[in-house]
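The structure appears right after this line, and notes come after that.
The values are calculated or read from the model by the stated rules, or taken from the named source; none is laboratory data. If you're wondering where the values come from, they're calculated on a predicted model, not measured in any experiment. Please note: Cβ atoms are built from the backbone with ideal geometry, for glycine as well, and neighbour counts cover all protein chains shown. Areas reflect the complete protein model, heavy atoms only, side chains present, ligands, DNA and RNA absent. Shrake-Rupley method; radii C 1.70, N 1.55, O 1.52, S 1.80 Å.
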Amino acid sequence: MTGDKLNRLFSAMSPEQYELLVGMENSDPLTASFVKKRVIHAGLSGRAIQPEEWQTTWQKLMRQPAEKGKRVAYLHIPFCLKRCLYCGFFQNVSAEEWETAYIDRLICELEMSAEDRYINSGLVHAVFIGGGTPSTLSPHNAARLLQAIRFYLPLANDYELTLEARIHDLVPSKMEAWLENGVNRISIGVQSFNTLVRQTVGRLDAKEVILERLQQLSHYEQAAVIIDLMYGLPYQDWEVWLEDLALLSTAAVDGWDLYQLNVYENSILKRAIDTGLLPPAASTAEQGRMFAAAEAILADNLFSRISVCHWAKSNRERNMYNTLTKNGNAVLPFGCGAGGSINGVSLSLERKLDQYIASIDKGEKPIKGMRQPHAVHGLQNAILGQIKQGYLAIRPLAAQYGADVLEIEPLLKLWEARGLMHFGSSAARLTVAGQFWYMNIAQAVLECLNALITGEQVVQANMSYG
Ligand code: SF4
């Protein structure tokens, strides 16, 4: 009977594990469905490949033809002008001398793969230059890198080429170098328009500067302009959040992502809050209410919803890189600190600049970690792609990946009863509360299905309440 196997899994779990995975009975699904957000990115990891096999595995992958489907490339720029207080990923302070040495190696890394069968036997549909802060690059270095990308990667005619930028770097010499060399999407970390809020966490410019520079960028008409907003930052009270949302209507942008602030253990922000230097960030419950307010306001304004956390204001915004990545398409990684996935093999590249440079100078792919595809790799990609779009259609998944997938239905019905989703004729759709908790839902579905299919342990991520 459907659900029997799932019940056996649940009865073997401790009450704490069960609560972490399934959530809690509650009177307000938005604020109290789960104890906490469990993961930043939902997913299951495959078996680690031993370091001595990394180079041969990479070479083998590069000798194969490209898999079916679309592909994207990710290039990492590991420099920032200044460390943001909330950042858990800062690598190096910008310095042009280091940047030049780094861009030399990054171009070399692109060139090293350019003749490989894997690279040449398919197209690259989207490229994302992330960081760090790619816009810190000098116009000369940015132009060199962009020319190399267009020369060495087989880009599709309708390619999307995104560069991550700071408002501070939206100056004519830089914008012209990006736009003259193929950038057609600029993603800017605004976080909040409010001057106090953003400068408190280490962003540089005031609200008036942001609005003016976005306007200047839009005048070039060469690229979609996308911004990130965060919710839950210190000093970002209800009034500030409503103003942030209201400004989306008038600011010169084509789309935006809304991110929940994560206060990382190793961040300066955590220390500043713990020592009383800054007021606390919003609690998870407050963040839930901020998300729900945003969802309602943006729906009222008839903005298009591209995913659970991404909206478009104009039809220039396609969000191809993010959508293709979430659906499990191959990601070619380049650069110090980049990560990717090829034929289901995931890999991360060296994060230390000197070691990255040394690997490239030896003619090696600077690999720092590699994992085999997970046993439920294909199913995992399909589930993550659906949940990111705000639904789960388990019957078509069962037809493709086997009847065990149907065993998850009682859990979805339980979440329906708790206000996290509702069943329609073809799929279970996430409610606004379900959208807020979508990472927990995705992780729990993956862990349960993996346990049902492979017999592995159920709860894989973040066992504790820590
Ligand atoms: S710009 Fe991004 S990577 Fe750099 S410190 Fe700020 S949050 Fe971290």
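Among the residues of segment 198-227, those identified as of a type in the set (D, E, K, R) and either over 23 Å from the mean Cα position of the chain (by Cα) or open to solvent by 20 Å² or more (accessible area, probe 1.4 Å) (or both) are Arg203, Asp205, Lys207, Glu208, Glu212, Arg213, Glu221.
The set of residues from segment 93-130 being open to solvent by 30 Å² or more (accessible area, probe 1.4 Å), within 16 Å of the ligand (Cβ to nearest atom) and either assigned to a strand (DSSP E or B) or closer than 20 Å to Gly182 by Cβ (or both) comprises just one member, Val93. Residue-level analysis places Glu25 among those that are within 26 Å of Gln260 (Cβ to Cβ), acidic (Asp, Glu) and more than 16 Å from the ligand (Cβ to nearest atom). Per the listing Asn262, Asn266, the residue uniquely of a type in the set (S, T, N, Q), out of contact with any helix residue (DSSP H, G or I) (no Cβ under 8 Å at 6 or more places or on another chain) and either assigned to a helix (DSSP H, G or I) or open to solvent by less than 50 Å² (accessible area, probe 1.4 Å) (or both) is Asn262. Flag set for Ala142, criterion: within 20 Å of His219 (Cβ to Cβ) and crowded, with 19+ Cβ neighbours inside 10 Å.
From the list Gln355, Gln380, Gln443, Gln457, the one residue that fits, being assigned to a loop (DSSP other than H, G, I, E, B) and under 30 Å from Trp54 (Cβ atoms), is Gln457. Figure legend. Inter-residue proximity from segment 127-138: first residues in the same structural domain as His76 (by TED's automatic domain parsing) and more than 17 Å from Ile226 (Cβ to Cβ), second residues near the ligand (Cβ under 9 Å from one of its atoms) and open to solvent by less than 10 Å² (accessible area, probe 1.4 Å), beta-carbon distance below 6 Å, spacing 6+ or different chains. Indicated pairs: Gly132/Pro78; Gly132/Phe79; Thr136/Phe79.
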